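Trainee: Mind looking over this structure? Questions follow.
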Amino acid sequence: MGLHDSSARVRQEAERKLKKLSVADKIWLKEWQDVTKPLHERLVKFIEGLPVTKGILEGKKIELLKVQRDFIYDIYRERKDKRVRIGVFSAPRGNGKTGLIAGLALAHLLGPASEPRGEVYSAAIDRQQASLIFNEMVAIILAVPSFASRVNIQRFHKKLEILFDIGAGSIYEALSSDSRRAHGLAPSFWAYDEFAQSKDRELFDNLQTAMGKRKRSLGMVISTQAPNDDHPLSQLIDDGQSGNDPSIKVKLITASMEAPPFAVRTIRSVNPAFGRFLREDDVMAEAERARRITAFEPAFRNLRLNQRVAADSEHRLIGPDVWKLGNVPMPPLEDFEGRECFVGLDLSAKHDLTAMVLAFPDDPANTKDPMFDILLYAWTPLDAMDTRRPTEQEIFRQWLASGYLIGVPGQVVRYGFVAHELAKASQKYIVRQVAYDRWRIDDLRAELDAMGIQQGDIPLLDFGQGFASMGPAVEWFAELAKAGRLRHGGNPVLQAAVLNSITSLDAAGNMKFDKNKSTKIGSVRIDPAVAMVMALMAAKRVAPTVDVSCMIG
């Protein structure tokens, strides 16, 4: 690289400042260069001696968040056996991502993790995004005389070169997926900034495959989450969390989809910088706007809670604040015996839940503003537990232990078992109608016939799953929920299903459940929500019974 006059002047000024270096700075230089100390400790010491160059803490030293420090320890403690090749740190926006990337890049370029003639790269989706890390690194270099005296800065090309001393001959370059695609490189370290925004994985794949050209190479992805499971970042996170590839280390900070998204405790739990260099009043103003205007909620969930949510394509069934209206104490189970109810039944595929929801109208004769008590029976095949995602397994085991979910032996919940449970319910309650997916209704009828139960004993209602049938049903459910006319007692299985439910719209604005999208984004299956919506719509369609005995003289 050629030496620029401006860069030469910068080095001359830095050399002058080096002669007046403070005692604290001299101690800092000595500490991170002490090779008798473990690398992870020297890295933290190095980064925490760098200056904050902008924002409300400008002029102070970087203070790593505990979660960032722990991440560095996890990655670099294992460097001796070279197991970790890629580290992923995913957290909400505003939690020191830029400073962390810049600090790690400098550590590998001219600090404790550097090597002679190393190659350090930062990657981003475009040149503007790529310039953010470069500009931050340059600002730090210019503020540290011992760095500025030995770095050749090429601003136009967004390149840096170490001229002498630690890391001599090493280079840094800012890459972007809309220009240079990282062919022919041999990175000792690379960091991909906001990989979630990338439309393809070409630059990522090129950086990853280029790592094989060195004995030691480390890649980092530091980003908020992508909107769906199909994105390469989501696949990388899921692969790392599965434990199948020990060379991938993942730290994911995300809020549960069941947590109230606008509550201070939820926001604070996933934003370690909240109240430090992430301003509380700004974030809570965003939360209030997203609470009032649902169009802003997906972006808030993705950027501030780090959830897998598509900001431009998500249509949730209802929000947590609405669902909370029905979290009131339920009557004892024995009080429901002999009451009239409507049933929604959603049978499971291999990985789904089997759900039976009973909707009890408070007053069957009241069709103007009815109130419903909701009971859920949910079953899962125990032998299929290991095939579920780790997060889902953990939640299911909690529900099984607490009795909200019922385990059934075998790989699937069979129709005969469901028919038996439905028959038991019909003996306890007055079942007016059972709404069921018409695609499988003949199979259930066959099981009921085999048990000697006639059509009139348990009336089955064919219920389509398309826009024509589900559109009015979803609207009816939303109307009841928003008016506080559903009582569910806070059943966690039902709550998770409802809050994970994503709907799709047709050209006329009719809604139906999108199970594929809901399953990809959410932590659990939505079958109980589907069953509930069908049960409530069955109640709306059926005329109330009238006791005429009191009219007979």
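The values are calculated or read from the model by the stated rules, or taken from the named source; none is laboratory data. Quick caveat, the model's predicted, so the values are computed rather than measured. Heads up, the Cβs are rebuilt from the backbone with ideal geometry, glycines too, and the neighbour counts pull from every protein chain shown.
Trainee: Any residue at all in the stretch 468-476 that is over 15 Å from L536 (Cβ atoms), of a type outside the set (S, T, Y) and at pLDDT 85 or above? Please lay out each step first, then the result.
Mentor: Residues of the stretch 468-476 over 15 Å from L536 (Cβ atoms): 468.
Now drop any that are not of a type outside the set (S, T, Y), which leaves 468.
Imposing the further condition that a residue be at pLDDT 85 or above reduces the set to 468.
The answer is yes, given that some residue of the stretch 468-476 is over 15 Å from L536 (Cβ atoms), of a type outside the set (S, T, Y) and at pLDDT 85 or above.
Trainee: To continue, here is another question. Would it be correct to say that G403 is modelled with pLDDT of 90 or more, at positive phi and among the small types (G, A, S)? First the steps, then the outcome.
Mentor: On the way: modelled with pLDDT of 90 or more: yes; at positive phi: yes; among the small types (G, A, S): yes.
The answer is yes for G403.
Trainee: May I pose another question? Within the stretch 241-279, can you find the residues that are assigned to a loop (DSSP other than H, G, I, E, B) and of a type in the set (A, V, I, L, M, F, W, C)?
Mentor: As a first pass, look at the stretch 241-279 and keep what is assigned to a loop (DSSP other than H, G, I, E, B): 243-247, 253-263, 271-273, 275-277, 279.
I253, A255, M257, A259, F262, A263, A273, F277 - these are the residues of the stretch 241-279 that are assigned to a loop (DSSP other than H, G, I, E, B) and of a type in the set (A, V, I, L, M, F, W, C).
Trainee: Related question: Looking at R268, R201, R291, R279, can you tell me which residue is without any contact (Cβ under 8 Å) to a residue 12 or more places away in the chain and more than 17 Å from G87 (Cβ to Cβ)? Before you say what the answer is, go through the steps one by one.
Mentor: Working: R201 fails: without any contact (Cβ under 8 Å) to a residue 12 or more places away in the chain; R291 fails: without any contact (Cβ under 8 Å) to a residue 12 or more places away in the chain; R279 fails: without any contact (Cβ under 8 Å) to a residue 12 or more places away in the chain.
After ruling out the rest, the residue left standing is R268.
Trainee: Which members of the stretch 10-39 meet the condition of being in a loop (DSSP other than H, G, I, E, B) and polar (S, T, N, Q)? First the steps, then the outcome.
Mentor: From the stretch 10-39, those in a loop (DSSP other than H, G, I, E, B) are 19-22, 33-38; that's our starting set.
Hits for the stretch 10-39 are S22, Q33, T36.
Trainee: Can I ask one more? Only helices (runs of 4 or more DSSP H) wholly contained in the stretch 85-155 count here; list those with 1 or more residues that are of a type in the set (K, R) and either crowded, with 23+ Cβ neighbours inside 10 Å or touching a residue at least 60 places away in the same chain (Cβ under 8 Å) (or both). Outline the logic, then answer.
Mentor: Values: elements: 97-110, 127-143, 145-148.
Output list reads 97-110.
Trainee: Within the stretch 223-240, track down each residue that is surrounded by 21 or more Cβ atoms within 10 Å (Cβ to Cβ) and in a helix (DSSP H, G or I). Full working, then the answer.
Mentor: Of all residues in the stretch 223-240, those surrounded by 21 or more Cβ atoms within 10 Å (Cβ to Cβ) come to 223-227, 233, 236-237, 240.
Those that are surrounded by 21 or more Cβ atoms within 10 Å (Cβ to Cβ) and in a helix (DSSP H, G or I): L233, L236, I237, G240.
Trainee: Any chance you could count how many residues in the stretch 365-398 are over 26 Å from the mean Cα position of the chain (by Cα), hydroxyl-bearing (S, T, Y) and not in a loop (DSSP other than H, G, I, E, B)?
Mentor: The number of residues fulfilling the criteria is 1.
Trainee: Looking only at the stretch 8-25, count how many residues are modelled with pLDDT of 75 or more and among the β-branched types (V, I, T).
Mentor: The total comes to 1.
Trainee: Would you be able to tell me the number of residues in the stretch 59-74 that are surrounded by fewer than 18 Cβ atoms within 10 Å (Cβ to Cβ) and either not assigned by TED's automatic domain parsing to the domain that holds E136 or not hydrophobic (A, V, I, L, M, F, W, C) (or both)?
Mentor: 9
Trainee: Right, D437: assigned by TED's automatic domain parsing to the domain that holds M532 and either under 20 Å from N491 (Cα atoms) or touching a Phe, Trp or Tyr at 6+ places or on another chain (Cβ under 9 Å) (or both) or not?
Mentor: Numbers: assigned by TED's automatic domain parsing to the domain that holds M532: yes; either under 20 Å from N491 (Cα atoms) or touching a Phe, Trp or Tyr at 6+ places or on another chain (Cβ under 9 Å) (or both): yes.
Judged against the criteria, D437 is a match.
Trainee: Which of (1) modelled with pLDDT under 95; (2) surrounded by 22 or more Cβ atoms within 10 Å (Cβ to Cβ); (3) within 23 Å of S242 (Cβ to Cβ) is the odd one out, the single condition E394 does not satisfy?
Mentor: (2)
Trainee: Can you list residue pairs whose Cβ atoms sit under 6 Å apart, with the first residue in the stretch 241-258 being farther than 19 Å from I222 by Cα and the second being part of a loop (DSSP other than H, G, I, E, B) and hydroxyl-bearing (S, T, Y)? Count only pairs 6 or more apart in sequence or on different chains.
Mentor: The qualifying pairs are M257/S523.
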